[in-house]
Amino acid sequence: MTTSRGKLILSNEDVSNNGMEKKALTTAESVRVVEKHPWVITFPNHEGLTFLFDPLERKRYTLNLPELVGTDVCYSKDGWLLMRRSSLVDMFFFNPYTRELINLPKCELSFQAIAFSSAPTSGTCVVLALRPFTRYIIRISICYPGATEWITQEFSCSLGFDPYMQKIRSNEDVSNNGLKKKVLTIADLTSSLLEIIMSYLVLKDNIRASAVCRACRKAAEYVRVVEKHPWVISFPRHYGVTILFDPLGRKSYTLNLPELVGTDVCYSKDGWLLMRRSSLVDMFLLNPYTRELINLPKCELSFQAVAFSSAPTSGTCAVIAFRPFTRFIIRISICYPGATEWITQDFSCSHGFEPYMHSNLVYANGHFYCFSSGGVLVDFDLASRTMSHQAWNEHICPYIHMYNEEWFSLRKRIYLAEQKGELFLMFTCSSEIPLLYKLVSSDWEEMSGTTLDGLTIFASKYSSETRLNVCGMWNSVYFPKFYGLRCKRSCVSYSFDKGRYYPRKPLPKPSRFERQKDLCPLMSLWIEPPS
């Protein structure tokens with residue numbers, strides 16, 4: 001038995017050798033891969049009948065598809081059809097075997113060729129319509145399944161493009177003399193079209209796409225959006241001096257704000273601070289960069305957490321004060337910039353809310369949230385002023401409810417943060433590993449360096465921020481606690497990729513006194529940096 005260029009050849013000796021021929025044929029058939037040939041599909045335009053024809057078996061089949069009456073076929077790929085109705089502007093995808101139909105937005109502009117990249121259910125489908133507007137101007141429109149409109153742009157073609165004879169081709173085409181002729185690749189697309197494509201990619205895919213070629217890198221870098229990281233703001237309690245610290249640039253700045261003498265910080269959001277005077281009932285909002293100050297009505301009732309939804313100049317700002325009055329009653333007070341009083345209401349919590357250990361308040365999608373150490377999430381709907389709650393027995397804070405003599409006297413905290421409407425929950429206990437979860441479909445999923453996708457959490461006692469893909473800070477949590485000399489100061493952080501804190505205390509293990517130090521000092525929190 002011999003082989004030649006991948007083909008199996010049997011000699012007469014092999015055939016008569018104890019059935020070796022049969023075994024060889026069985027082995028060859030088991031690994032043989034034969035591509036399926038396509039069938040012909042035709043539309044006779046009467047009563048919705050569609051014909052399928054197998055050219056190899058020479059058999060014809062009939063499909064009754066009334067959805068296709070009065071339509072024209074435009075393209076076919078991966079078992080799907082791209083159809084256009086007689087109105088000429090209404091288009092849709094159609095699977096003739098499952099009869100699944102996916103509408104596209106109206107295409108008001110005419111075109112001479114149209115195609116799509118993959119099955120519309122693949123998640124990567126792009127539809128492109130092409131029209132040579134003149135010999136030297138080409139108009140291209142693109143859209144995606146689920147989009148509401150087409151994106152259209154015109155491109156110049158200095159070589160001249162025949163507007164009456166063209167087709168959308170694959171990467172290689174066959175010329176008249178039978179030789180393969182290379183056509184345009186992605187690197188040959190105009191910078192404007194590449195920028196449109198890159199703008200639809202998340203940052204991780206944007207970075208990967210930038211490695212394809214020089215043109216892709218230039219387009220990817222042009223549209224790449226990187227979020228600004230927050231800074232630490234701290235109040236040393238003397239002479240109204242406020243310190244700003246950039247944890248990435250490791251630089252400190254000083255603000256002289258006499259308005260803050262004798263005040264305590266309560267919350268920060270969108271570059272604004274919520275402050276409380278020593279009288280405990282007088283509160284105000286302050287922008288430390290513009291020094292704009294907005295007083296709030298007196299808050300006579302005590303509270304354990306307070307927050308506001310947006311900048312007080314936005315017109316939609318709401319301030320809420322939160323206090324678990326008892327284990328089963330939660331008191332919530334609301335006011336708005338310009339209001340003359342707080343509106344207070346009590347809500348029942350049948351699951352029981354731990355009044356002495358809970359997270360900060362966080363605002364997302366019109367709701368304020370707070371999580372207790374007993375595994376109860378309180379949800380306050382700002383529009384309807386109603387409260388609901390949900391409990392998870394498996395997500396009580398382990399550092400509090402699991403007996404461990406070593407954890408007993410250590411500082412413990414619960415943090416709640418949001419990223420584009422999604423909630424993140426974190427438990428910390430001194431230098432123990434932070435436990436991080438994400439709320440997905442009414443369940444908390446534990447997160448790790450492989451599932452964070454570049455998320456950074458900036459945690460503090462009063463408010464917590466999140467950012468995506470901040471260079472040098474990926475998949476980490478940062479605390480507003482400084483370490484190092486003043487000229488080389490940095491913030492304490494934990495990397496989920498490395499599984500360690502920075503700085504890491506050298507052996508021997510840190511003393512109990514050192515471990516009791518709080519990662520979130522009372523007079524420090526995160527704030528948007530100055531623009």
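Entry remark, segment 216-229: residues being modelled with pLDDT of 80 or more and open to solvent by 40 Å² or more (accessible area, probe 1.4 Å) number 5 in total. Pairing each residue of segment 422-449 that is in the same structural domain as Lys461 (by the TED database) with any residue that is open to solvent by 50 Å² or more (accessible area, probe 1.4 Å) and in a loop (DSSP other than H, G, I, E, B), provided the two are 6+ apart or on different chains, yields C-beta distances under 7 Å for Ser430/Arg411; Ser430/Gln516; Gly449/Asp497.
Only residues that are within 17 Å of Lys438 (Cα to Cα) and assigned to a strand (DSSP E or B) were counted across segment 463-482, and they come to 6.
Quick test for you: out of Ser460, Ser388, pick the one residue that is outside any strand (DSSP E or B), at pLDDT 90 or above, in contact with a strand residue (DSSP E or B) (Cβ under 7 Å, 6 or more places away or on another chain) and not acidic (Asp, Glu).
Ser460
Taken as a whole, the condition of being hydroxyl-bearing (Ser, Thr, Tyr), over 25 Å from the mean Cα position of the chain (by Cα) and modelled with pLDDT under 80 applies to Tyr239. The condition of being within 30 Å of Val376 (Cβ to Cβ) and in contact with a Cys (Cβ under 7 Å, 6 or more places away or on another chain) does not hold for Phe303.
Taking the criterion of being modelled with pLDDT of 90 or more and β-branched (Val, Ile, Thr), would at least one residue in segment 127-139 satisfy it? The answer is yes, given that some residue of segment 127-139 is modelled with pLDDT of 90 or more and β-branched (Val, Ile, Thr). Residues in segment 298-309 that are closer than 22 Å to Thr242 by Cα and in contact (Cβ under 8 Å) with a residue 60 or more places away in the chain: Ala307 only. Restricting segment 78-135 to residues that are among the acidic types (Asp, Glu) and under 22 Å from Phe51 (Cα atoms) leaves a set whose member that is least open to solvent (accessible area, probe 1.4 Å) is Glu100.
Which residue, of Ile168, Ile207, is at pLDDT 70 or above and open to solvent by 50 Å² or more (accessible area, probe 1.4 Å)?
Answer to the selection: Ile207.
If you go through segment 347-395 and keep only what is among the aliphatic types (A, V, I, L, M) and under 19 Å from Ala417 (Cβ atoms), you end up with Met357, Leu361, Val362, Ala364, Val376, Leu377, Val378, Leu382.
Evaluation of Glu67 against the conditions (1) open to solvent by less than 90 Å² (accessible area, probe 1.4 Å); (2) at pLDDT 50 or above; (3) more than 28 Å from Leu128 (Cβ to Cβ) shows that the sole unmet condition is (3).
Residues in segment 282-297 that are in a loop (DSSP other than H, G, I, E, B) and either polar (S, T, N, Q) or in contact (Cβ under 8 Å) with a residue 40 or more places away in the chain (or both): Asn287, Pro288, Tyr289, Thr290, Leu296, Pro297. In the set Leu416, Leu425, Leu436, Leu410, which member is open to solvent by less than 40 Å² (accessible area, probe 1.4 Å) and assigned to a loop (DSSP other than H, G, I, E, B)? Being open to solvent by less than 40 Å² (accessible area, probe 1.4 Å) and assigned to a loop (DSSP other than H, G, I, E, B) holds for just one of Leu416, Leu425, Leu436, Leu410, which is Leu410.
Within segment 357-366, restricting attention to residues that are part of a strand (DSSP E or B) and open to solvent by 20 Å² or more (accessible area, probe 1.4 Å), which residue is nearest to Ala391 (Cα to Cα)? Don't jump to the end; show me each part of the working.
Start the filter on segment 357-366 by keeping residues that are part of a strand (DSSP E or B), which leaves 358, 362-364.
Those left that are additionally open to solvent by 20 Å² or more (accessible area, probe 1.4 Å): 358, 363.
On the way: His358: 13, Tyr363: 19 Å.
Among residues in segment 357-366 that are part of a strand (DSSP E or B) and open to solvent by 20 Å² or more (accessible area, probe 1.4 Å), the one nearest to Ala391 (Cα to Cα) is His358.
Kindly provide the set of residues from segment 314-339 that are basic (Lys, Arg) and either open to solvent by less than 10 Å² (accessible area, probe 1.4 Å) or at positive phi (or both), ordered by number. If the condition is that a residue be basic (Lys, Arg) and either open to solvent by less than 10 Å² (accessible area, probe 1.4 Å) or at positive phi (or both), then no residue fits. In this structure, is Asp453 of a type outside the set (Ser, Thr, Tyr), farther than 27 Å from Gly271 by Cβ and out of contact with any helix residue (DSSP H, G or I) (no Cβ under 6 Å at 6 or more places or on another chain)? Spelling it out, it is not the case that Asp453 is of a type outside the set (Ser, Thr, Tyr), farther than 27 Å from Gly271 by Cβ and out of contact with any helix residue (DSSP H, G or I) (no Cβ under 6 Å at 6 or more places or on another chain).
Checking the structure you have, find out if any residue of segment 391-403 is in a strand (DSSP E or B) and farther than 20 Å from Asp443 by Cβ. Checked segment 391-403: no residue is in a strand (DSSP E or B) and farther than 20 Å from Asp443 by Cβ.
Which of the residues belonging to segment 279-305 are within 17 Å of Ile527 (Cα to Cα), touching a strand residue (DSSP E or B) at 6+ places or on another chain (Cβ under 6 Å) and open to solvent by 10 Å² or more (accessible area, probe 1.4 Å)? Of everything in segment 279-305, those that are within 17 Å of Ile527 (Cα to Cα), touching a strand residue (DSSP E or B) at 6+ places or on another chain (Cβ under 6 Å) and open to solvent by 10 Å² or more (accessible area, probe 1.4 Å) turn out to be Asn287, Leu293.
Scanning segment 346-356 for residues that are at pLDDT 95 or above and either buried (at least 20 other Cβ atoms within 10 Å of the Cβ) or not assigned by the TED database to the domain that holds Ala459 (or both) turns up nothing.
Only one of the numbered conditions (1) surrounded by fewer than 18 Cβ atoms within 10 Å (Cβ to Cβ); (2) assigned to a strand (DSSP E or B) is violated by Thr450, and that is (2). Per the listing Pro312, Pro324, the residue uniquely assigned to a strand (DSSP E or B) and in contact with an Asp or Glu (Cβ under 9 Å, 6 or more places away or on another chain) is Pro324.
Entry remark, segment 346-371: residues being within 17 Å of Phe424 (Cβ to Cβ) and touching a residue at least 24 places away in the same chain (Cβ under 8 Å) number 12 in total.
The values are calculated or read from the model by the stated rules, or taken from the named source; none is laboratory data. This one's a predicted model, so the numbers in the text were calculated from it and none came from an experiment. Here Cβ is always computed from backbone atoms with ideal geometry, including for glycine, and neighbour counts include all displayed protein chains. Side chains are part of the model used for accessible areas, which takes the heavy atoms of the whole protein and leaves out ligands, DNA and RNA. Shrake-Rupley method; radii C 1.70, N 1.55, O 1.52, S 1.80 Å.
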